[in-house]
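Novice: For reference, the structure I am asking about is given below.
The values are calculated or read from the model by the stated rules, or taken from the named source; none is laboratory data. Fair warning: this is a prediction, and the values are worked out from it, not measured in the lab. So basically every Cβ, Gly included, is an ideal-geometry build from the backbone, and we count neighbours across all protein chains shown.
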Amino acid sequence: MIDTDVHTLDLDDPAEVVAYVPYRLGFRPENSLVVLSVRRHGPDRVGLGLVARMDLADLADPRLERTLLSEITGHLSAEHCVAAWLLAYCDPAEAGEPATLERARRVLAPWRRDPRTSAGRCYLVSGARWYCLECTHDPACPPNGRGRGELDSTAIAAAMVVHGHGVAPTRAALVRVRADSAPAASRAQAACAARVEELARQSGAGRRSAWRRRSARAWDDALAEGAPEPSPARYGLLLAGLTDRAVRDAVVTAAAGRCGVEEALARPEAVDAAFGAAEPPESGPIDRAVALLENTIRHSSVESSPPAWTVTAWLAWWVGDGARCDLLLAEAERVDPGYRLAVLLRRMLDARIPPGWVRGVEEGERQP
C-alpha cells in the first residue's frame, strides 16, 4: 500500500495500479511504454517514484532503446527503486489479436530482465481490454484479458474523480488553448494595449522601473483569489509584462513560491527562496496562474505568444508534469526556437532535472 495525494494505492491489486497510471500522467497513453516505480522513502517506508512514458516507435530503434533503457534503469537505481511496473499501451485497433500480445512481450523483453520488474508487474492495455503478460495474478489474467471499463470503478479512480482529477483523452489534449483564439475584438484591444505598454517600457530607465512595478501590480491583481476577468486592455498589459525579463521572472517566482509578483520583483532573494523550497508547491497559486496565463495566450498573437507559453510550461515542470511541459514548450519553440528561457527549460527537461522541491524532499527523506 502506498499513499498518493488523494488515496492509498493498493499495489497488490493490478487493476488499481493500471487505473492509476492515466491519472498520474494526466492523459490516456497510446502506443507507449510506461514505467511506474516504487522507491524507498527512508529506512522503513516506500512511496511512488519515477513515472516515465516512452513512445513505442522510439523503442523500435535499437540504439535509442538501449539509451532509454540505460537512462531509466540508472534513474531507478539512483532513487533506490524497490519495484517497478511495466505497462505497454498498444494501438486500440489491434485489441485482442494474439499478435498484439506477442508484440507487447517483445517490447517489454529487455526491460523485464531487471529483477525489479519481475513478480507479475507487466501489463498490456489495448482497446477495451487489459492483460497481464505473465499470468501470475489469478484471476487478474484470464486468457481474453479483462474489460477496461472495470478500471473506472476502482477505488483509486473514484478517489481521483472525487478530488477533481481528470484524464485527457490524448497527450495532445493536455494543451487546452491556442494563441490568437479569443474573440477578434478582444484580441485587437489587447494587441493595441500591448503596443502602447511596450512603448512605455522603452521610454527610459527611470520610467522603466515604474512601468515594471505597475505591470507587477497588474499581475498581482489578476492573480488574486476571486479576481474578476481582466479586460482586453488589461491583458495587453499582462502580455507586455511577460516580454520584460524582470517582470516575467517575477511572475514565475510568485506562482512557484509564496509571495506576490511585486514583492518578487523588488526582492531578488525571493527567487532563491521560491526555487530552493523543500516543500511541494501549493496548488492554489499555481492553478490561478495557469488559468490566467492560458487566457493571456488566447489574447496574444501567435508571434507574441512564446513568453506566455514558456512561463506556463515552466509551471508545468515545477509541479512535475513533464508531458504537459514538453507540449507547451513545443508551442513556444515553434514560433521562436531561440527564446532563451525556452532553451533553458528544454535543456532541463531533456536532462530530466527535477524541480528543486523534489530534490529537497528526497534529501530530507534520506536524513536519519
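Novice: Select from the range 212-240 the residues that are of a type outside the set (Gly, Ala, Ser) and under 17 Å from residue 192 (Cα atoms) and list them in ascending order.
Specialist: 230, 232, 234, 235, 237, 238, 239
Novice: Within the range 332-354, track down each residue that is in contact (Cβ under 8 Å) with a residue 40 or more places away in the chain and within 19 Å of residue 249 (Cα to Cα).
Specialist: 341
Novice: Do we have residue 157 as assigned to a helix (DSSP H, G or I), outside the structural domain of residue 212 (by TED's automatic domain parsing) and either crowded, with 16+ Cβ neighbours inside 10 Å or at pLDDT below 80 (or both) here?
Specialist: Spelling it out, residue 157 is indeed assigned to a helix (DSSP H, G or I), outside the structural domain of residue 212 (by TED's automatic domain parsing) and either crowded, with 16+ Cβ neighbours inside 10 Å or at pLDDT below 80 (or both).
Novice: Now a separate question. Return yes or no: is residue 132 touching a Pro at 6+ places or on another chain (Cβ under 8 Å), more than 24 Å from residue 324 (Cβ to Cβ) and either among the β-branched types (Val, Ile, Thr) or modelled with pLDDT of 75 or more (or both)?
Specialist: Answer is yes for this residue.
Novice: Got at least one residue in the range 242-251 being farther than 20 Å from residue 312 by Cβ and not hydroxyl-bearing (Ser, Thr, Tyr)?
Specialist: Within the range 242-251, none of the residues are farther than 20 Å from residue 312 by Cβ and not hydroxyl-bearing (Ser, Thr, Tyr).
Novice: Tally up the residues in the range 16-50 that are surrounded by fewer than 18 Cβ atoms within 10 Å (Cβ to Cβ) and either closer than 20 Å to residue 105 by Cα or in the same structural domain as residue 321 (by TED's automatic domain parsing) (or both), please.
Specialist: Within the range 16-50, residues that are surrounded by fewer than 18 Cβ atoms within 10 Å (Cβ to Cβ) and either closer than 20 Å to residue 105 by Cα or in the same structural domain as residue 321 (by TED's automatic domain parsing) (or both) number 2.
Novice: Related question: Please work out if residue 152 is at positive phi, at pLDDT 85 or above and within 32 Å of the chain's Cα centre (by Cα). Quick ask: steps written out before the conclusion?
Specialist: Details: at positive phi: no; at pLDDT 85 or above: yes; within 32 Å of the chain's Cα centre (by Cα): yes.
Criteria not met by residue 152.
Novice: Restricting to the range 307-339, count the residues that are over 14 Å from the mean Cα position of the chain (by Cα) and closer than 18 Å to residue 240 by Cβ.
Specialist: The first filter runs over the range 307-339 and keeps only residues over 14 Å from the mean Cα position of the chain (by Cα), leaving 307-308, 331-339.
Imposing the further condition that a residue be closer than 18 Å to residue 240 by Cβ reduces the set to 307-308, 332, 335-336, 339.
Looking only at that region, the number is 6.
Novice: Within the range 260-277, is there a residue that is surrounded by 17 or more Cβ atoms within 10 Å (Cβ to Cβ), hydrophobic (A, V, I, L, M, F, W, C), modelled with pLDDT of 90 or more and closer than 15 Å to residue 239 by Cβ?
Specialist: yes
Novice: Continuing with this model, one more query. Any residue at all in the range 160-169 that's more than 29 Å from the chain's Cα centre (by Cα) and exposed (fewer than 14 other Cβ atoms within 10 Å of the Cβ)? Steps first, answer last, please.
Specialist: Residues of the range 160-169 more than 29 Å from the chain's Cα centre (by Cα): none.
No, the conditions are met nowhere in the range 160-169.
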